[in-house]
Amino acid sequence: MRKSKLLLPLLLSLLFLSQTLAKSIPSLADDELEWTEEDDEEFESLLAIDDSEESNSGSTTSEPQLLRKAQKIVTDLNNDNARRVVEENELVMLLGYAPWDKKSAALMPRFAQAATELREMGSPVVMAKVDAERYPKVASLYTIKGYPTLLLFVNGTSERYGGGITGDEILIWVRKKTGMPVTRLSSEDSAKQFLKKYKKYAMGFFQNYEGPESEAFAKVAAANNETQFVATDKFEIAKLLYPQVSSNENFVGLVKPENDKFEKFEGKFEEGEILDFVEKNKFPLVSVLTEENSGWIYSSRIQIQVFVFAEQDYFEVDKPFIEDVARKFKTKVLFVYVDSTEEDLAKPFFSLYGTEPDDTLVTAFDNRNHSKHLMEKKLTKANLEEFCLALEQGIVPPYLKSEPVSKEKGLIEKVVSKNFEAAVLESPENVFLEVYAQQCVECEATTKVVEKAAKHFEGTSNLKFARIDASLNEHPKLETTNYPVLFFYPAGDKSNPLKVSKKSSVEDVINFVNEKIRQGEETQADRKDEL
């Protein structure tokens, strides 16, 4: 067996937004940016630098040189000039940071790169930064609470940054939001320079940049925050950008650096269809999950997402046939590889599924119905293809985290997900159920109350006490997030459980149960009389 190097995970909540998977790009303040000592030195260079220093423009620009160059481009905001800079300039991109924050330090050279390239392009955007700790009034004025925070001001109105965290992604996002969503190329030299910089882009070929097709392409470019869009009206330039162009007809294609490099758009030249094409084809056959791309993956338009967890050496062995399966389900299923030794990335998934793999693990999320799934069979090409086909058809049962069924019988019956139906919903008895969680602070006191009440009713027919650990067991008819929770399931109607106050005393519980049992017996007697 392939032994995972991870420890048994503590209970974690997987950060998916508004559903099982997150459906929005994470804020920069929440992203884990890679941090090195060199980043710290670069950060200090940008914060305090001698204005007399000049970078050597004749050589390749290093990050420290880039920071020095950007120091003369990026405007420092303070209590005196902040309002004036934001209100007197049509476009302002503001970075709010704290000197001690490592994430700010990691982002700083990337922000500097974007600022430098925007200046070289002649962009009117004013790039600015503010030490939010030193100038808390400015931070409060622009609602800068976490670090780092990026805001774009258009005529004084702010929009929170929604792009990636590399220099190129910041550059692309700013250009798209400031009226330059599409780069137009008119010469071979400009095309060759473009190709040196970009390996992933959406390309449009339109005669004279005119017509509804070209307009639709531009609208998609503005709506897409991640991908660089480029257009030309010259056939020879189009061939350089996308070699498969074969005629002078309007053309849209997507170029990626991975295998299956070229994707040709074959739908109607309408905004919705072009956007769907770009969003569903922008990923490689198998994406590798990282902190930087996690937001794009979780927010993908592809509703079915399959995650493969394995140590890297083992994944490389299986990768060829996984890509073959991914090719068959392109745009229908998104395939993602997660290194099982990367705890920050893999551990939340293992907690969500209540498992830790001894071997390669394959899971899935279906955002059509917000369900999660587990491939029970061994990872082979045939099994993976069968699993994906069943997911597409919607016939894979959802995975419910569950402890093993306990054989021990006690005063309070232990219920798990696997036997919840039989032990509670299908039981002929009245069931008093305690729902708790392992890390719940209040649960201990409630448990003592339930145990005393169960002792009081020991031997009572038609009544049993039970408990379930909701942190280790899931069931669609037991959805609650606040613990502890007490339910009473009447023998005659298990579909409408009665909620009992968690602040109830032992006497309260005893009185409540006696009353409900008596009401149930009276109801049964009335039914017999009617018969």
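The values are calculated or read from the model by the stated rules, or taken from the named source; none is laboratory data. Just so you know, these numbers come straight off a predicted model, no measurement behind them. Cβ coordinates were reconstructed from backbone atoms using ideal geometry, including for glycine residues, and neighbour counts include every protein chain displayed. Only protein heavy atoms, including side chains, enter the accessible area calculation; ligands, DNA and RNA are left aside. Shrake-Rupley method; radii C 1.70, N 1.55, O 1.52, S 1.80 Å.
Numbers at a glance
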{"item": "Straight-distance crosslink candidates among lysines, where the alpha carbon sits under 16 Å from Lys378 and sequence neighbours closer than 8 are dropped", "result": "Lys3, Lys319"}
{"item": "Label-point separation, Asn369 to Asn155 (7 Å along Cα→Cβ), nm", "result": "4.8 nm"}
{"item": "Cα centroid separation - the stretch 436-455 against the stretch 393-415, whole Å", "result": "20 Å"}
{"item": "Candidate lysines - alpha carbon under 17 Å from Lys145, same-chain residues fewer than 8 apart omitted", "result": "Lys102, Lys103, Lys129, Lys137"}
{"item": "Highest-first arrangement of 422-432, 398-408, where packing means the average Cβ count within 10 Å", "result": "422-432, 398-408"}
{"item": "Exceeding the 26 Å Cα-Cα cut-off - candidates Lys199/Lys372; Lys401/Lys494; Lys381/Lys418", "result": "Lys199/Lys372; Lys381/Lys418"}
{"item": "J(HN,Hα) series, the stretch 163-172, from Karplus relation 6.51 cos²θ - 1.76 cosθ + 1.60, nearest Hz, glycine and proline x", "result": "x, x, 10, 9, x, 5, 5, 5, 4, 4"}
{"item": "Alpha-carbon centroid distance for the pair the stretch 314-354 / the stretch 224-281, whole angstrom", "result": "27 Å"}
{"item": "Hz values of 3J(HN,Hα) by residue in the stretch 437-443 - Karplus curve (6.51, -1.76, 1.60), Gly and Pro given as x", "result": "9, 4, 9, 7, 6, 7, 5"}
{"item": "Global form of the stretch 419-460, assessed from the alpha-carbon gyration tensor, a/c cut-off 1.5", "result": "oblate"}
{"item": "Within the stretch 64-160, chymotrypsin sites (Phe, Trp or Tyr not before Pro) in DSSP loop having at most 15 other beta-carbon neighbours inside 10 Å", "result": "Trp100"}
{"item": "Restricting the stretch 132-182 to trypsin sites (Lys or Arg not before Pro) in coil, as DSSP defines it, with at most 14 other Cβ within 10 Å", "result": "Arg134, Lys145"}
{"item": "Burial order of peptide ranges 514-521, 305-312, 235-242 (average beta-carbon count within 10 Å, highest first)", "result": "305-312, 235-242, 514-521"}
{"item": "Whole-percent pair-distance distribution, where bins are 5 Å wide, for the alpha carbons of the stretch 98-251", "result": "2, 8, 16, 18, 18, 13, 9, 6, 5, 3, 1, 0"}
{"item": "Phi-based couplings in Hz for the stretch 138-153 (Karplus 6.51, -1.76, 1.60; Gly and Pro marked x)", "result": "5, 4, 5, 4, 10, 6, 8, 10, x, 10, x, 10, 10, 10, 10, 9"}
{"item": "Amide hydrogen neighbours beyond the local backbone of Glu413, cut-off 5 Å, H modeled", "result": "Phe465, Ala466, Arg467"}
{"item": "Rounded accessible area per residue of the stretch 258-320, 1.4 Å, Å²", "result": "44 Å²"}
{"item": "Carbon plus sulfur fraction of accessible area for the stretch 432-486, probe 1.4 Å, in percent", "result": "47 percent"}
{"item": "Inter-site label distance for Glu479 and Asn259 at 7 Å from Cα along Cβ, in nm", "result": "4.0 nm"}
{"item": "Dipole magnitude of the stretch 426-506 about its Cα centre (Cβ charges: Lys, Arg +1; Asp, Glu -1), debye to nearest 20", "result": "260 debye"}
{"item": "Mean separation of Cα contacts under 8 Å, 6 or more apart, over the residue count of the stretch 436-531: relative contact order %", "result": "31 percent"}
{"item": "Formal net charge of residues neighbouring Ile517 (Cβ-Cβ distance under 13 Å; K, R +1; D, E -1)", "result": "-1"}
{"item": "Built amide H within the under 5 Å cut-off of Asn430, gap 5+", "result": "Leu463, Lys464, Ala491"}
{"item": "In the stretch 435-486, the trypsin sites (Lys or Arg not before Pro) that fall in loop regions by DSSP, at most 13 other Cβ within 10 Å", "result": "Lys477"}
{"item": "Of Lys196/Lys282; Lys409/Lys503; Lys407/Lys502, pairs whose Cα-Cα distance is over 24 Å", "result": "Lys409/Lys503; Lys407/Lys502"}
{"item": "Mean Cα-pair separation over length for the stretch 218-356, i.e. relative contact order, pairs under 8 Å, 6 or more apart, %", "result": "20 percent"}
{"item": "Residues in the stretch 398-415 that a label on Glu376 would reach, taking backbone N under 16 Å of a point 7 Å out along Cα→Cβ", "result": "398-405"}
